[in-house]
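Here's the structure we're looking at; comments come further down.
The values are calculated or read from the model by the stated rules, or taken from the named source; none is laboratory data. Source: prediction; values computed, not measured. Glycine also receives a Cβ, built like all others from the backbone with ideal geometry; neighbour counts cover every protein chain displayed.
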Amino acid sequence: MKRISVVLSSLLLTATSVFATSDTNLIKIAKDNGLKSIPQSKLEVLKLVDNPKNPITDCKVELGKKLYFDPRLSKSNLISCNTCHNLAMGGDDDVGAAIGHKWTANPHHLNSPTVYNSVLNAVQFWDGRDPHLEAQAQGPIQAGPEMAAPADLVLEKVTSMPEYVAEFKKAYGDDVKITFPLIADTIAVFERTLITPSRYDAFLNGNVDALTAAEKTGLKVFIDKGCTACHTDIGIGGTMQPFQIHANYSYAKGDFKGNKDGMVKTPTLRNIEETAPYFHNGNVWSLKDAVKEMGSTQLGINISDKESEQIVTFLKSLTGKKPTIIYPVLPTLSDKTPKPQFD
């Protein structure tokens with residue numbers, strides 16, 4: 001009996017070793033194909049997301065959060081950054097084209113990308129025109145179809161509220177000069193903290209049990225089919241790539257064709273199950289259909305229903321842990337605060 005137990009123990013150890021080796025090999029394959037994980041170390045994460053020109057501090061983050069949620073930064077006092085990038089809904093708005101001032105849909109039928117993990121993007125905006133969150137934060141506030149607030153109006157609103165002025169001094173020092181770019185920079189400081197490490201990251205960091213067998217199979221199919229040609233690095237997207245390489249996009253809507261070179265920012269796949277509808281024009285609601293479409297359009301291959309389902313199973317492992325966000329109490333208006341405008 002003792003001999004049988006020893007033999008069984010030996011077999012179990014051998015089986016465990018085989019599976020561990022296989023999993024370790026999958027991790028290596030993933031990394032060899034350009035996939036990277038969010039680090040486990042808080043210090044390494046801070047190095048990853050911080051901007052040395054405007055370092056993250058608790059005071060800046062809290063102030064940036066208030067500005068992010070404050071609809072009074074818009075011309076109408078009705079639209080905040082969180083309106084289109086809702087932190088309770090995957091960091092976007094769950095509609096095809098973003099809706100802004102005067103109930104205006106984005107004129108190019110562009111979809112609001114998630115703000116979660118946007119700090120991991122190499123570029124911002126669908127046409128990649130800005131490299132940093134700080135520059136990106138200025139755009140939607142001023143854009144006519146979005147928040148429609150000129151820079152001087154935003155500055156006048158913020159500086160008219162004594163609580164905001166006091167918080168800027170607390171965050172940046174008594175000699176701070178509040179400007180529109182600094183307001184946008186402070187929003188970006190908050191956005192830099194919105195990263196969502198997932199079980200996928202734990203797997204790449206060496207925890208071979210973090211993913212299920214089905215998710216590991218999906219990851220292998222994802223790699224084998226060539227999805228990492230565009231969805232790579234730590235953001236699993238976020239770089240500029242040519243679009244419609246092998247076939248015309250089947251769900252065309254709107255006039256957006258990419259930048260002057262026909263390049264489009266590849267969206268991050270992190271939390272992808274929470275950010276439907278998909279693609280730059282938000283015209284696909286099924287993640288399975290989105291996977292199949294990318295097979296034909298970008299890779300020139302047919303991805304079967306089974307393969308698509310396997311990839312989707314993996315993609316759902318990218319849903320990460322969100323930071324705890326407590327909705328802030330916003331500063332009180334003063335008699336000098338400009339009134340909302342609806343024209």
Next on the checklist: I'm checking my understanding of the structure. Among residues of the stretch 99-134 that are in contact with a helix residue (DSSP H, G or I) (Cβ under 8 Å, 6 or more places away or on another chain) and at pLDDT below 95, which one is farthest from Ile195 (Cα to Cα)?
Outcome noted: Asp130
Checklist entry - Can you tell me which of Lys66, Lys28 is of a type in the set (D, E, K, R), modelled with pLDDT of 95 or more and over 30 Å from Val158 (Cβ atoms)? => result Lys28
Checklist entry - Take the residues of the stretch 287-343 that are part of a loop (DSSP other than H, G, I, E, B), among the small types (Gly, Ala, Ser) and in contact with a helix residue (DSSP H, G or I) (Cβ under 9 Å, 6 or more places away or on another chain): which is surrounded by the most Cβ atoms within 10 Å (Cβ to Cβ)? => result Gly320
Next on the checklist: Being in contact with a helix residue (DSSP H, G or I) (Cβ under 8 Å, 6 or more places away or on another chain), crowded, with 19+ Cβ neighbours inside 10 Å and part of a loop (DSSP other than H, G, I, E, B) is the requirement here; does Gly282 meet it?
Outcome noted: no
Checklist outcome for this item: Among (1) assigned to a helix (DSSP H, G or I); (2) within 17 Å of Val61 (Cα to Cα), Ile141 falls short only on (2)
Checklist entry - If we scan the stretch 138-153, do we find a residue that is in contact (Cβ under 8 Å) with a residue 40 or more places away in the chain, surrounded by fewer than 21 Cβ atoms within 10 Å (Cβ to Cβ) and acidic (Asp, Glu)? => result no
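Residue by residue, here is whether (1) out of contact with any Asp or Glu (no Cβ under 7 Å at 6 or more places or on another chain); (2) farther than 26 Å from Tyr172 by Cα; (3) free of Cβ contacts under 8 Å to residues at least 12 places away in the same chain holds:
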{"site": "Asp58", "(1), (2), (3)": "yes, no, yes"}
{"site": "Asp70", "(1), (2), (3)": "yes, no, no"}
{"site": "Ser80", "(1), (2), (3)": "no, no, no"}
{"site": "Cys84", "(1), (2), (3)": "no, yes, no"}
{"site": "Gly90", "(1), (2), (3)": "no, yes, no"}
{"site": "Gly96", "(1), (2), (3)": "yes, yes, no"}
{"site": "Ala105", "(1), (2), (3)": "yes, yes, no"}
{"site": "His108", "(1), (2), (3)": "no, yes, no"}
{"site": "Pro113", "(1), (2), (3)": "no, yes, no"}
Checklist entry - Can you spot a residue in the stretch 210-226 that is out of contact with any Pro (no Cβ under 7 Å at 6 or more places or on another chain), closer than 26 Å to Ser80 by Cβ and not polar (S, T, N, Q)? => result no
